[in-house]
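Colleague: I'd like to ask some things about the structure below.
The values are calculated or read from the model by the stated rules, or taken from the named source; none is laboratory data. In this text the structure is predicted, and so the values were computed from the model without any measurement. All Cβ positions, even for glycine, are placed from backbone atoms using ideal geometry, and neighbour counts span all protein chains on display. Ligands, DNA and RNA are stripped out before the accessible areas are found, and what is left, the full protein with its side chains, is counted by its heavy atoms. Shrake-Rupley method; radii C 1.70, N 1.55, O 1.52, S 1.80 Å.
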Amino acid sequence: MPRVVRSATGPSWSLSEPVTDSRLPEPSDLPKWDLSDLYPDPDSIELRHDLDEAERAAESFATRHAGHLAALDGAGLAAAIAEFERIDERLGRAASYAGLMFSGDSDDPAIGRFYQSINERVTQISTRLVFFTLELNQLDDDALERLQGDPDLARWAPFLRDLRVFRPHQLSEEVERVLHEKSVTGASAWSRLFDETMASLRVELDGKSLTVGDALNKLSDRDRPTRERAGRAIGETFGRNVRLFSLITNTLAKDKEIGDGLRHYPRPGSARNRGNMVEDEVVDALVAAVTADYGRLSHRYYAMKAGWLGLEKLEHWDRNAPLPSDDDRSVSWDDARTHVLGAYTGFAPELGGIARRFFDRPWIDATLRPGKSSGAFAHPTVPSAHPYILMNFHGRTRDVMTLAHELGHGIHQVLAAEQGYLMSSTPLTLAETASVFGEMLTFRALLDAETDPARRRRMLAGKVEDMLNTVVRQVAFYQFETRIHDERRTGELLPERIGAIWREVQTESLGPAFNFSPEYDVFWSYVPHFVHSPFYVYAYAFGDCLVNALYGVFAEGHPGFREKYIEMLRAGGTKRHKELLAPFGLDASDPAFWRKGLDVISGFIDELEQA
């Protein structure tokens with residue numbers, strides 16, 4: 001099926017609220033993407049041709065192959081997969097274009113209509129291809145193994161391997177076709193409603209009408225009364241809409257329960273774990289390790305932060321507050337570019353060269369404008385084109401980290417594109433590797449260049465907060481989702497119950513240093529991952545702990561690390577996490593692996609305690 005990707009990669013997309021103040025960069029100073037590498041415009045002949053050609057090709061493909069795959073030899077099956085990939089990529093290109101247009105301006109009704117129309121057309125065409133993966137999975141194991149002796153088919157072994165993971169969960173072709181066709185009026189329609197509602201909301205604050213993203217930025221303002229007014233105003237805005245957000249959440253959770261039941265997934269997160277090619281037990285080990293370390297990580301750090309701020313208790317609007325001595329200087333786009341390119345080039349010139357393409361060509365959209373998605377992501381589009389990056393640059397140090405993060409994704413996507421459309425997509429657990437590693441490279445470069453001890457301490461504290469947002473906060477989000485989906489199986493949850501679960505999870509994860517005022521009970525409602533990508537969020541914690549361990553191997557001077565690292569990125573989706581990490585002597589199925597990653601965060605907190 002075409003991968004209509006709404007990528008939410010990076011803790012900066014509403015998962016850790018970004019920072020801002022009144023010194024925002026001028027829009028003219030910031031880059032804006034040009035999507036014409038995909039299509040000239042929504043009405044272009046090229047777009048219509050691609051969709052018409054994909055429809056013709058899909059009809060021909062189905063006529064020739066439906067019900068006949070078992071009769072093909074190895075070379076014939078390889079040719080069929082290659083043809084399927086070409087059709088799928090053509091559809092993916094159109095879907096990517098529409099999705100990026102919508103992310104750039106979801107306020108425009110014409111763009112919203114275009115986005116929906118393309119999704120409907122893509123779904124209609126791809127329904128003709130539903131039979132293919134179903135029939136591939138109906139092939140006998142022994143017969144398929146014999147066919148893979150053909151060198152042409154051997155190339156597709158990773159695709160076939162991953163497809164077989166879903167074999168126990170697939171339904172009849174008739175049911176799969178119905179579910180696929182109805183998806184545009186089901187989950188995807190509710191997701192669109194969420195996006196358009198969130199983009200249209202305005203928070204009234206200090207006489208101004210702010211977008212949700214701009215209002216969330218105020219939660220990092222230096223002035224505590226401003227943060228408090230922002231926190232209460234955001235809560236009031238979400239509160240006025242909480243019934244709608246609760247309906248969306250309840251509907252999507254029930255929809256998922258029905259689908260999971262039909263496919264016999266043992267628990268709500270299992271489908272995501274299968275897609276991530278990671279065992280339920282590995283995720284359980286990660287969540288258990290992080291939860292057990294709440295005390296030595298988030299509880300310990302936020303107790304220190306309360307002391308630094310001179311507060312007996314922190315409120316939710318203090319979580320991302322700058323430290324009293326923080327003089328976080330405004331960073332220009334050119335300086336951010338220099339810092340990030342320097343870090344990547346210093347590590348490996350090949351990666352620096354790929355990163356430079358994003359700046360030299362209009363592949364990044366960093367401008368601030370109404371209707372634009374409020375976070376950050378890197379969208380791979382298709383191998384025949386290139387990735388695009390969306391972010392909102394406010395000129396602060398954390399934005400430099402966001403840029404480094406998303407460029408890591410972009411570099412990874414460029415390298416993995418060599419594997420082709422069907423095998424370039426990396427499971428989410430490893431999709432955060434290059435992004436978080438790029439952040440670490442950039443942070444280390446900035447830290448090593450800083451000679452002022454006080455500023456180094458502030459930078460270290462900022463890094464700890466980012467890591468807590470990436471690890472502790474995401475695991476708490478995962479636990480929130482799990483509880484919501486588990487309880488939804490017994491009936492619809494009222495907004496008050498959803499808020500109570502949110503409060504309980506936040507209290508457990510952030511610790512006794514916090515007091516949560518009532519309006520915080522509705523802050524669950526703005527996290528887009530709960531809507532677009534259920535149970536995605538643990539991938540951030542997985543990626544951060546993995547990178548902490550990986551960076552430790554690099555720092556120890558592991559022989560050939562750079563070459564092995566680049567080859568790992570090039571592998572795309574062709575290898576599982578065990579194969580990818582083995583050259584570095586790491587194993588994510590080992591419980592001690594997670595402890596190693598968490599020890600890095602605890603070590604940074606130790607340094608802050610001693611400073």
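Colleague: Just wondering, is there one or more residues in segment 462-480 that are of a type in the set (S, T, Y) and either surrounded by fewer than 22 Cβ atoms within 10 Å (Cβ to Cβ) or over 16 Å from the mean Cα position of the chain (by Cα) (or both)?
Modeller: No, segment 462-480 has no match at all.
Colleague: Please indicate, with yes or no, whether at least one residue in segment 563-573 is within 22 Å of D466 (Cβ to Cβ) and assigned to a loop (DSSP other than H, G, I, E, B).
Modeller: No: segment 563-573 contains no residue that is within 22 Å of D466 (Cβ to Cβ) and assigned to a loop (DSSP other than H, G, I, E, B).
Colleague: Based on what the data block shows, is S103 hydroxyl-bearing (S, T, Y), under 30 Å from S373 (Cβ atoms), in contact (Cβ under 8 Å) with a residue 40 or more places away in the chain and touching a helix residue (DSSP H, G or I) at 6+ places or on another chain (Cβ under 9 Å)?
Modeller: Yes.
Colleague: Considering only residues that are of a type in the set (V, I, T) and either open to solvent by less than 10 Å² (accessible area, probe 1.4 Å) or over 25 Å from L171 (Cβ atoms) (or both), which ones fall in segment 211-261?
Modeller: Quick first cut of segment 211-261, residues of a type in the set (V, I, T) only: 211-212, 226, 234, 237, 242, 248-249, 251, 258.
Selection gives T211, V212, T226, I234, T237, V242, I248, T249.
Colleague: If you don't mind, there's one more thing I want to ask. For the structure I just gave you, tell me whether T397 is of a type outside the set (D, E), touching a Gly at 6+ places or on another chain (Cβ under 7 Å) and without any contact (Cβ under 8 Å) to a residue 12 or more places away in the chain.
Modeller: Criteria not met by T397.
Colleague: Now for a different question. Looking only at segment 295-311, which residues are open to solvent by 10 Å² or more (accessible area, probe 1.4 Å) and either within 23 Å of K218 (Cβ to Cβ) or of a type outside the set (D, E, K, R) (or both)? Explain how you work it out, then say what you get.
Modeller: First, pick out the residues of segment 295-311 that are open to solvent by 10 Å² or more (accessible area, probe 1.4 Å): 295-296, 299-300, 303-304, 307-311.
Selection gives G295, H299, A303, M304, G307, W308, L309, G310, L311.
Colleague: Which one of these is touching a Gly at 6+ places or on another chain (Cβ under 6 Å), small (G, A, S), at pLDDT below 95 and on the phi < 0 side of the Ramachandran plot: S183, S172, S106?
Modeller: S106
For (1) surrounded by 13 or more Cβ atoms within 10 Å (Cβ to Cβ); (2) at pLDDT 95 or above; (3) more than 28 Å from the chain's Cα centre (by Cα), each residue gets a yes or a no:
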| position | (1), (2), (3) |
| --- | --- |
| I45 | no, yes, yes |
| A54 | yes, yes, yes |
| A58 | yes, yes, yes |
| F61 | yes, yes, yes |
| L77 | yes, yes, yes |
| R86 | yes, yes, no |
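Colleague: Enumerate the pairs (first residue in segment 360-389 and acidic (D, E); second residue anywhere and part of a loop (DSSP other than H, G, I, E, B)) with beta-carbon separation below 7 Å, excluding pairs fewer than 6 apart on the same chain, so at least 6 apart or on different chains.
Modeller: As it stands, the answer is D365/P31; D365/K32; D365/W33, since those pairs meet every condition given.
Colleague: Does L136 fit the bill of being hydrophobic (A, V, I, L, M, F, W, C) and either over 30 Å from S374 (Cβ atoms) or free of Cβ contacts under 8 Å to residues at least 12 places away in the same chain (or both)? Break it down into steps so the answer makes sense when it comes.
Modeller: On the way: hydrophobic (A, V, I, L, M, F, W, C): yes; either over 30 Å from S374 (Cβ atoms) or free of Cβ contacts under 8 Å to residues at least 12 places away in the same chain (or both): yes.
Yes.
Colleague: May I pose another question? Within segment 485-509, take every residue that is in a helix (DSSP H, G or I) and either hydroxyl-bearing (S, T, Y) or open to solvent by less than 10 Å² (accessible area, probe 1.4 Å) (or both) and give me the one that is nearest to G597 (Cα to Cα).
Modeller: Applying the filter and picking the extreme gives S509.
Colleague: Quick one: which residue in G573, G557 is out of contact with any Lys or Arg (no Cβ under 6 Å at 6 or more places or on another chain), surrounded by 15 or more Cβ atoms within 10 Å (Cβ to Cβ) and of a type outside the set (A, V, I, L, M)? First the steps, then the outcome.
Modeller: Values: G557 fails: surrounded by 15 or more Cβ atoms within 10 Å (Cβ to Cβ).
Being out of contact with any Lys or Arg (no Cβ under 6 Å at 6 or more places or on another chain), surrounded by 15 or more Cβ atoms within 10 Å (Cβ to Cβ) and of a type outside the set (A, V, I, L, M) holds for just one of G573, G557, which is G573.
Colleague: Given segment 231-347, what helices (runs of 4 or more DSSP H) lie entirely inside it while holding 2 or more residues that are in contact (Cβ under 8 Å) with a residue 60 or more places away in the chain and closer than 30 Å to E563 by Cα?
Modeller: By residue number, 270-275, 280-292, 333-347.
Colleague: Among the residues of segment 198-214, count how many are out of contact with any Asp or Glu (no Cβ under 9 Å at 6 or more places or on another chain) and without any contact (Cβ under 8 Å) to a residue 24 or more places away in the chain.
Modeller: Summing the residues that are out of contact with any Asp or Glu (no Cβ under 9 Å at 6 or more places or on another chain) and without any contact (Cβ under 8 Å) to a residue 24 or more places away in the chain in segment 198-214 gives 3.
Colleague: For segment 137-162, which positions are in contact with a helix residue (DSSP H, G or I) (Cβ under 6 Å, 6 or more places away or on another chain) and part of a helix (DSSP H, G or I)?
Modeller: The answer is N137, L147, D152, L153.
Colleague: Another question, if that's okay. Among the residues in segment 580-603, are any on the phi > 0 side of the Ramachandran plot, open to solvent by less than 60 Å² (accessible area, probe 1.4 Å), within 23 Å of the chain's Cα centre (by Cα) and in contact (Cβ under 8 Å) with a residue 40 or more places away in the chain?
Modeller: Applying the first criterion (on the phi > 0 side of the Ramachandran plot) to segment 580-603 yields 585.
Okay, now just the ones that are also open to solvent by less than 60 Å² (accessible area, probe 1.4 Å), so none.
Checking segment 580-603: not a single residue is on the phi > 0 side of the Ramachandran plot, open to solvent by less than 60 Å² (accessible area, probe 1.4 Å), within 23 Å of the chain's Cα centre (by Cα) and in contact (Cβ under 8 Å) with a residue 40 or more places away in the chain.
Residue by residue, here is whether (1) touching a Ser or Thr at 6+ places or on another chain (Cβ under 8 Å); (2) farther than 17 Å from V522 by Cα holds:
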{"position": "M423", "(1), (2)": "yes, yes"}
{"position": "F437", "(1), (2)": "no, yes"}
{"position": "A445", "(1), (2)": "no, yes"}
{"position": "R458", "(1), (2)": "yes, yes"}
{"position": "R473", "(1), (2)": "yes, no"}
{"position": "E481", "(1), (2)": "no, no"}
{"position": "W502", "(1), (2)": "no, no"}
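Colleague: Still on this structure, please answer the following. Which one of these is in a helix (DSSP H, G or I) and in contact with a Phe, Trp or Tyr (Cβ under 8 Å, 6 or more places away or on another chain): G76, G92? Steps first, answer last, please.
Modeller: Details: G76 fails: in contact with a Phe, Trp or Tyr (Cβ under 8 Å, 6 or more places away or on another chain).
Residue meeting the stated conditions: G92.
Listed here are the residues, each with its yes/no results for (1) within 26 Å of A541 (Cα to Cα); (2) in contact with a Ser or Thr (Cβ under 8 Å, 6 or more places away or on another chain).
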{"site": "E228", "(1), (2)": "no, no"}
{"site": "V242", "(1), (2)": "no, yes"}
{"site": "L262", "(1), (2)": "no, no"}
{"site": "V278", "(1), (2)": "yes, yes"}
{"site": "A288", "(1), (2)": "yes, no"}
